[in-house]
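Asker: Sharing a structure, written as structure tokens. Questions coming.
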Amino acid sequence: MNWGTIDKYAKSLIKEAGHKIRVSFFNTIDVDTKADANDLVTNIDKAIEQFFISRIQSDFPNHFVLGEEGFGDDIRSLDGVIWLLDPIDGTMNFVHQKRNFAISLGIYCDGVGMLGYIYDVMNDDFYHAAKGEGAYYNDEKLPMLEVTPLSEAIIGVNASWVAPNRRIENEPIADMVHKCRGTRSYGSAAMELAYVSSGRIDAYLSLRLSPWDIAGGMVIAEEVGAIGTNLKGEKPNLLNQDTFIVARPGLHDEILRNHIRLK
Ligand code: IPD
Ligand code: CA
Ligand code: CA
């Protein structure tokens with residue numbers, strides 16, 4: 001497999017898709033809901049996924065695609081080369097803010113993340129990594145992450161878990177929020193993964209993410225020494241929805257040990 005060729009191809013595909021998304025703002029965007037009223041999808045999410053899939057199928061006919069909008073393959077195992085794609089991560093931001101969303105793509109071979117990309121479309125900020133070759137923010141190589149104590153950390157966390165809820169004990173989360181330096185919530189898991197990898201935040205956690213939300217970001221995160229697992233400390237799930245945390249080394253353990261009590 002020539003990963004250098006696939007890398008160049010994927011980068012240009014993502015840039016082209018980003019251009020299509022920016023141009024889409026000149027037309028009316030059709031917004032629909034999926035699982036619930038807050039789970040949005042637009043004609044652009046679908047068109048961008050179809051754009052990727054038609055190109056990948058014609059240029060790499062032996063590869064598989066797992067895409068959020070369901071136009072790709074029915075993936076039941078991680079065998080072979082799989083492109084895990086979220087055409088727009090942060091659709092609510094795309095619809096309401098016209099910013100703070102990203103294209104997220106991870107290319108895996110037999111379950112191993114080989115290439116990862118997160119493209120912050122409106123800022124034209126590109127994060128990418130190739131396994132064993134380091135991670136980059138635009139053309140700048142990202143340094144390895146150093147240990148940061150919770151007291152100096154900014155944590156990406158959803159405010160709703162600080163209130164009583166049915167999935168996680170809220171008091172240890174509230175304690176974490178009090179003990180850390182600050183919290184943020186950007187509304188795009190992929191961007192939050194990119195922010196952990198580039199040191200803009202120090203940890204990010206979520207109670208429910210899908211493989212396409214984390215696949216690209218995990219390749220980038222691993223290259224800078226960030227630790228990504230589910231909230232039980234197990235390997236991230238690339239076939240099903242699961243909980244998720246990514247953090248600097250040390251901080252990952254501290255959060256899981258002292259602040260996570262799943263119900
Ligand atoms: C969502 C975003 C959001 C996260 C949700 C995801 P989407 O992806 O990443 O930040 O909290 O769990 O589903 O639906 O905008 O692609
Ligand atoms: Ca997503
Ligand atoms: Ca999406």
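FYI, it's all coordinate maths here, none of it is from the lab. Everything numeric here is computed off the predicted structure, so don't read it as measured data. Here the Cβ is made from the backbone with ideal geometry for all residues, glycine too, and neighbour counts use every protein chain on show.
Asker: From the helices alone, meaning DSSP H stretches of at least four residues, give me the mean residue ellipticity at 222 nm for the chain, per-run term -39500 (n - 2.57), in deg cm²/dmol to the nearest 500. Walk me through the numbers before you get to the answer.
Answerer: Working: 7 runs with 86 residues, N = 263.
Taken over the chain, the calculation gives -10000 deg cm²/dmol.
Asker: Can you tell me the relative contact order of region 3-141? Whole percent, Cα pairs under 8 Å, sequence separation 6 or more. It would help to have the intermediate numbers written out before the result.
Answerer: Numbers: 226 pairs, mean separation 22.2, N = 139.
Dividing the mean separation by the residue count of region 3-141 yields 16 percent.
Asker: Rounded, prolate or oblate: which fits region 3-141 when a ≥ b ≥ c are the square roots of the eigenvalues of the alpha-carbon gyration tensor, with rounded for a/c under 1.5 and prolate only if a/b beats b/c?
Answerer: Numbers: a/c = 1.85, a/b = 1.31, b/c = 1.41.
Taking the square roots of the gyration eigenvalues as a ≥ b ≥ c, region 3-141 is oblate.
Asker: When we measure straight from the Cα of Lys20, which aspartates and glutamates land under 19 angstrom away, once same-chain ones fewer than 8 places off are left out?
Answerer: Within the straight-line limit of under 19 Å, Lys20 reaches these aspartates and glutamates: Asp30, Asp45, Glu49, Glu68, Glu69, Asp86, Asp89, Asp120, Asp124, Asp125.
Asker: How big is Rg to Rh over the chain, alpha-carbon atoms, Rh as the Kirkwood inverse-mean-distance radius?
Answerer: Details: Rg = 17.7 Å, Rh = 18.5 Å.
Taking Rh as the inverse mean 1/r over Cα pairs, Rg/Rh reads 0.95.
Asker: Whole angstrom only: what separates the Cα centroid of region 1-63 from the Cα centroid of region 111-175?
Answerer: Region 1-63 and region 111-175 have Cα centres separated by 22 Å.
Asker: Applying 1/(1 + (r/R0)^6) with R0 = 51 Å to the Cβ-Cβ distance of Arg181 and Ser12, what FRET efficiency is obtained, to the nearest 0.05?
Answerer: Values: r = 39 Å, r/R0 = 0.76.
Working from the Cβ atoms, E equals 0.85.
Asker: Figure the gain on full extension for Lys232 and Asp253 (residue separation times 0.36 nm, minus the Cα-Cα span) and round it to one decimal in nm.
Answerer: Working: separation 21, 0.36 × 21 = 7.56 nm, distance 1.08 nm.
Extra length from Lys232 to Asp253 when fully extended: 6.5 nm.
Asker: What is the chain's relative contact order, in percent, from Cα pairs under 8 angstrom and six or more apart in sequence?
Answerer: On the way: 560 pairs, mean separation 43.8, N = 263.
It comes to 17 percent, rounded to a whole number.
Asker: Please state the Cα pair-distance histogram of region 220-263 with 5 angstrom bins from zero: what percent is in each bin?
Answerer: Spelled out bin by bin, region 220-263 gives 5, 23, 31, 24, 13, 4, 0 percent.
Asker: Quick check on my link table: of Lys11/Lys179; Lys179/Lys232; Lys34/Lys141; Lys15/Lys235; Lys11/Lys141, which ones sit more than 28 Å apart, alpha carbon to alpha carbon? Please report the intermediate quantities before stating the final value.
Answerer: Values: Lys11/Lys179 40 Å; Lys179/Lys232 22 Å; Lys34/Lys141 38 Å; Lys15/Lys235 30 Å; Lys11/Lys141 16 Å.
Cα-Cα > 28 Å for Lys11/Lys179; Lys34/Lys141; Lys15/Lys235; rest within.
Asker: Still on this structure, I have one more. Test of the criteria: in region 166-258, which GluC sites (Glu not before Pro) are in a DSSP loop and have at most 16 other Cβ atoms within 10 angstrom of their Cβ?
Answerer: Values: sites: Glu169, Glu192, Glu222, Glu223, Glu234, Glu254; in loops: Glu169, Glu234.
Hits after loop and neighbour filter: Glu169, Glu234.
Asker: Among Ala35, Ala190, Ala215, which one shows the highest mean-square fluctuation when the chain is modelled as a Gaussian network with alpha-carbon springs under 10 Å?
Answerer: Its mean-square fluctuation being the largest, the pick is Ala35.
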